[in-house]
Structures are given as C-alpha cells and as structure tokens.
Amino acid sequence: MSFKDHFSVNSAAYRANRPRYDDALARLMAAGLPGCDVAVDVGCGNGQFTVRLADHFDRVYGYDGSAEQIREAEARPNIEYRTATAEAVEVGVGTADLITAMQAAHWFDLPAFYHAADRALKPGGRLALVGYGLMDIEPGLDKVIYHFYSETVGAYWPPDRLLIEQKYDSLPFPYEEQPDPGHVLTSDWTFEQLVKYLGTWSAVTRATRQLGHNPLDAFVPDLKEAWGHAETRTMRWPLFMRWGLKP
C-alpha cells in the first residue's frame, strides 16, 4: 500500500512544536496488562510517546513510515525504531503486551493493521487508538483558531482528517472496548509556541505548497490580537480513545 506522508518535510518542527504526551498516559496504557515486556508504538513519528512507554516496558518498538521522522526520534537503550508502516508491524507472534497508535490511525489501512496487531499481541494485550482535535484555550481565542482551521486552510486538510473530527467514532474496532478514560494533555505555551504549532498542521503545509505562500503569515496579526497580553496561556487537548484487550 502507499504511505500517506504528510509530515516528513516538517519533521524537526513536528518534534519541537507538538503537544507532549505525559507519563500519566503511559501509566494508563500499561495498567492491567499481562506483562510489561514489549510495547509497540505505530505511526510513532519522532517518538514522542515511544519514549514515555520506554519508562514502563522492558522493550519498545517505534514504527513510522517516514525515515525523516525516525531520524528526529530520541534514542533510548530499550527502544528500537523501525522505518516501516503500521501494517508491517512484525515483533513476533503473541509477544506484544501493548500496541498504540497516537494521532495516527486515520492514516492506516485498518484491516491490514488490525491483522498485524492481532498477530503480534499476547492474549490480554491492549490495542489503543488515540487522537486529539483542536486544543481548548479560551472561547475568544478558540473561535479565531477554529476559523483559520475550517475556513482558511479547511480545503487543504487531507480527507482522512474527518476521522479526527469524528473522534474515530466511525472506525471499526476488533475487540470489546473499554470506556474512554477522558485523558487531557495540558501545556503552558507562549504565543510563539502556538504559532509554531499551527505551522506543523498538514493543511498549512499543503496550502503553502499550493498557494505559493504560507497562509499563517496573514493570520498571525489576528491571532495576536485574540491572544492579548498574556505571557503564556494553558493549552488543553482532550484525547479521545478507542481501546480494548485482545481476548
């Protein structure tokens, strides 16, 4: 199958300017498993969640189809990064305690991925598809950002982005599901950090390429006015999760 690569061109910026997964989320993923021997993070990008898993599992494998993203990943003694798509996961039959896909499952060939994941997971092992949409800051600022998201660059989002907006509700899932725990990521960011984050959006990259200029440049003054004089503001990304245990 073809690999939908929307992020290699901005791999360094993606590492520096994306929300950070926290240790509490990794602990949540590790709870109630048959063991903590092997975890696999697919569509791992530059390993932002892979390194969190490395604190809780003996061996962690990070898979991503982008060699550029993998080159930006943080090395750990117990992490092995592999440049391969999610559908090519191969860690041995029944060896994985956990398989995660963080903000990535909407790019996958799901039937092929589910087949590979089921083969790799131990009985009682966990499969988790996790994502997040727009962050919450404060209503006035959220409204301005949403207009940029939906109107200015809305036409440049890949069609798969709709699955994020639907919180993966329309995706099939192969196992009996656990309730979504409602985890929220938070970060205190400056205005400059927010602008850099918006610059990592795949729609902004596509718009820049097709228009010949970056639409974010014209948006920054409006964003700054909505931001006000605060030195930092708290960003909140409510996660959504489809997860369950292999029988």
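A compact table of results
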read-out: Residue that is nearest to the chain's Cα centre (by Cα), among those in the range 207-224 that are touching a residue at least 60 places away in the same chain (Cβ under 8 Å) and closer than 12 Å to residue 141 by Cα; value: 223
read-out: Residue in the range 51-85 that is modelled with the lowest pLDDT, counting only those that are farther than 25 Å from residue 112 by Cα and among the hydrophobic types (A, V, I, L, M, F, W, C); value: 73
read-out: Scan of the range 91-136 for residues that are surrounded by fewer than 22 Cβ atoms within 10 Å (Cβ to Cβ) and acidic (Asp, Glu), ordered by number; value: 109, 118, 136
read-out: Long-range neighbours under 6 Å by Cβ, at least six apart or interchain, first residue modelled with pLDDT of 95 or more within the range 115-131, second small (Gly, Ala, Ser); value: 120/96; 121/96; 122/94; 125/96; 127/117; 129/101; 129/105
read-out: Residue 97, sole failed condition from (1) more than 21 Å from residue 216 (Cα to Cα); (2) under 18 Å from the mean Cα position of the chain (by Cα); (3) in contact (Cβ under 8 Å) with a residue 24 or more places away in the chain; value: (2)
read-out: The range 163-191, residues that are surrounded by 14 or more Cβ atoms within 10 Å (Cβ to Cβ), over 15 Å from the mean Cα position of the chain (by Cα) and either under 15 Å from residue 136 (Cβ atoms) or hydrophobic (A, V, I, L, M, F, W, C) (or both); value: 171, 173, 187, 189, 191
read-out: Matching residues in the range 86-107 - criterion: being under 16 Å from residue 124 (Cβ atoms) and charged (D, E, K, R); value: 97
read-out: Qualifying residues in the range 192-218 (those that are over 17 Å from residue 157 (Cα atoms) and not acidic (Asp, Glu)) - the one surrounded by the fewest Cβ atoms within 10 Å (Cβ to Cβ); value: 218
read-out: Residue within the range 42-49 that is over 13 Å from the mean Cα position of the chain (by Cα), aliphatic (A, V, I, L, M), crowded, with 22+ Cβ neighbours inside 10 Å and at pLDDT 95 or above present; value: no
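The values are calculated or read from the model by the stated rules, or taken from the named source; none is laboratory data. Quantities reported herein were computed from a predicted structural model and do not represent experimental measurements. Cβ coordinates were reconstructed from backbone atoms using ideal geometry, including for glycine residues, and neighbour counts include every protein chain displayed.
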